[in-house]
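We did not get these values from a lab; they are worked out from the coordinates using the rules stated. In this text, all values refer to a predicted model and were calculated from it rather than measured experimentally. Glycine also receives a Cβ, built like all others from the backbone with ideal geometry; neighbour counts cover every protein chain displayed.
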Amino acid sequence: MHRLGRGKSAKKATREMPEEDPEFQIAPMIDILLVLLVFFMAISSTEVLQTNDHVQLPVAKEGKESPKAVDGLLYINVLWSPINNVGSLDVEGKTFAVANEIVPILQHTVQVTPDCRIVVRADKNVRYDYLRSVLKAAAGAGVSNVTFSVVDKDGTQVSSSN
């Protein structure tokens, strides 16, 4: 009996034939593209939700571009109704009438990110007393970095520094 020949034949029988033409698989590529699309839509929607189109920002010719902070960035939209002479605050999609109501949100932001930055997008018609109450609430929550968002003379949005 000759065993060497049997091993070669068994090895040859288990070996697969090589593929002639590799085919392009489009289904996995579509899956990856859809995952990327959902990811970018989720990221961009949070930035869009933090701004409010009803806020008419004041003009500041000397405004400077503020560096973007990655962590701990919170937008406070301060709206003003000249008809009722009443203000309201829009923070993370929720509306508040009094500045003291946003203190828990600000405190949570400070706890998560101690060097957080608050961007105040105040309407140009807001009364100083109302805006001062927002700044007092931020100070009471421990926020030390406050930036005001303004527009330059061309109408493009600029965030001025502290």
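Under the Kirkwood approximation applied to all pairs of distinct alpha-carbon atoms, what is the hydrodynamic radius of the range 73-160 in Å? Don't skip to the answer; put the middle values down first.
Working: mean 1/r = 0.0752 Å⁻¹.
Taking every pair of different Cα atoms in the range 73-160, averaging 1/r and inverting gives 13.3 Å.
Given R₀ = 25 Å, FRET efficiency for A97-K124 by Cβ-Cβ distance, to 0.05?
Numbers: r = 20 Å, r/R0 = 0.80.
The computed FRET efficiency comes out at 0.80.
Where does the charge balance sit around S133 when Lys and Arg score +1, Asp and Glu -1, over other residues with C-beta under 12 Å from its C-beta? All intermediate terms of the calculation are to be shown ahead of the outcome.
Numbers: positive: R127, R132, K136; negative: E101, D129.
It works out to a net charge of +1.
Need the full-extension length gain, Q107 to L37, defined as separation in residues times 0.36 nm minus the C-alpha distance. One decimal, nm. Write out the running numbers ahead of the final one.
Numbers: separation 70, 0.36 × 70 = 25.20 nm, distance 3.34 nm.
Result for the pair: 21.9 nm of gain on full extension.
Below 8 Å between Cα atoms, with a sequence gap of 6+, how large is the relative contact order for the range 73-160 in percent? Could you put the intermediate results ahead of the total?
Details: 142 pairs, mean separation 26.0, N = 88.
Reported as a whole number, the value is 30 percent.
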